[in-house]
Amino acid sequence: MVYTPVHASWTNQIEIFFSIVQRKVVAPNDFTDLDQIRDQLRAFEDRYNAAAQPFQWKFAPSDLDDLLARLDRHTLDRQEESSAASAT
């Protein structure tokens, strides 16, 4: 099993990267030709990769167990509320 963020997926990470490229490379510049865009993107990629660090994921199996237990409790509470409301 691979533990991934409960609030995001790897596609969100790709979208974040392209958002950074848009804000830092594309939007602030006025390019006159494709070679200029290519050069800017490659320079950005080199700078970005030089500063990149591996992501240290801290979501452990015990965290998953805790999350699932909370969800079970929440679901059970909602079912009990629904039963009580329909009984009245």
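The values are calculated or read from the model by the stated rules, or taken from the named source; none is laboratory data. Since the model is a prediction, treat every value here as computed from it, not as a measurement. Side chains included, ligands, DNA and RNA excluded: accessible areas come from the protein's heavy atoms. Shrake-Rupley method; radii C 1.70, N 1.55, O 1.52, S 1.80 Å.
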State whether region 9-87 is rounded, prolate or oblate according to the following rule on the C-alpha gyration tensor (a ≥ b ≥ c being the square roots of its eigenvalues): a/c under 1.5 gives rounded; otherwise a/b larger than b/c gives prolate, and the remaining case gives oblate. oblate
Suppose all protein chains stay in the model; what accessible area per residue would a 1.4 Å probe give for the chain, in Å²? 88
Report the accessible area of ILE37, computed with a 1.4 Å probe over the heavy atoms of all protein chains in place, in Å² rounded to the nearest 10. 50
Whole-percent carbon and sulfur share, accessible surface of the chain, 1.4 Å: 55
